[in-house]
Amino acid sequence: NELRTLGWEDVSIILLGDWNAEPEDASVRSILERRGNGGLEMDNDVGIGDKGMKWDFHSAYPLDDENGDDENNHFYTTWKTRKDGTKRRVIDYIFYSSARSNDGNGRRGALVTGADEVGLSCTHTLSVPKDEEVEATRLPGLRYPSDHLLIAAKFEI
């Protein structure tokens, strides 16, 4: 409700954390495939009913296996050895979305542009270690003491 009183056109969203789910899992897909008004009912009584706000979430980091310099250096957030073997996985995320509104010509979902431009764009991400930088025992280790790698993103409004 507080966001409604602020006006949706001024709101961008960043969701981040340890999902403990891989990119193809339902919890991650539900964020990336979210469309519409985020499940929130628009209310004409607060003056936003016809703005038609929309968010399309994106990952700050690439989530496919073809995003590294080579086969052995693709993006991952954990690399653990367990009973069933050693596996490198993505289970931590930074998702972001910029508010979208009616463009004034009745087309919903258009980005607000020009002097009225709002929203976020991801400009930088922190690199993950190359294979040779991680200890043979993988994560955690002395060099990287957590079982999750640090990820970070820089955004521009």
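The values are calculated or read from the model by the stated rules, or taken from the named source; none is laboratory data. Just so you know, these numbers come straight off a predicted model, no measurement behind them. Cβ coordinates were reconstructed from backbone atoms using ideal geometry, including for glycine residues, and neighbour counts include every protein chain displayed. Only protein heavy atoms, including side chains, enter the accessible area calculation; ligands, DNA and RNA are left aside. Shrake-Rupley method; radii C 1.70, N 1.55, O 1.52, S 1.80 Å.
Below, the figures for the structure above:
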| quantity | calculated |
| --- | --- |
| Within the range 129-157, tally of residues that are open to solvent by less than 40 Å² (accessible area, probe 1.4 Å) and not in a loop (DSSP other than H, G, I, E, B) | 2 |
| Those residues of the range 83-116 which are modelled with pLDDT of 60 or more and farther than 21 Å from Ile31 by Cβ, in sequence order | Lys83, Asp84, Gly85, Thr86, Lys87, Arg88 |
| Subset of the range 64-79 (residues that are modelled with pLDDT of 90 or more and in a loop (DSSP other than H, G, I, E, B)) | Phe75, Tyr76, Thr77 |
| Close pairs from the range 117-143: first without any contact (Cβ under 8 Å) to a residue 24 or more places away in the chain, partner open to solvent by 100 Å² or more (accessible area, probe 1.4 Å), Cβ under 7 Å, at least 6 apart | Glu135/Leu142; Glu135/Arg143 |
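To keep it simple, each residue is scored yes or no on (1) modelled with pLDDT of 80 or more; (2) open to solvent by 20 Å² or more (accessible area, probe 1.4 Å); (3) out of contact with any Lys or Arg (no Cβ under 8 Å at 6 or more places or on another chain).
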{"site": "Gly38", "(1), (2), (3)": "no, yes, yes"}
{"site": "Asn44", "(1), (2), (3)": "no, yes, yes"}
{"site": "Met53", "(1), (2), (3)": "no, no, no"}
{"site": "Thr81", "(1), (2), (3)": "yes, yes, no"}
{"site": "Val118", "(1), (2), (3)": "no, yes, yes"}
{"site": "Cys122", "(1), (2), (3)": "yes, yes, no"}
{"site": "Ser127", "(1), (2), (3)": "yes, yes, yes"}
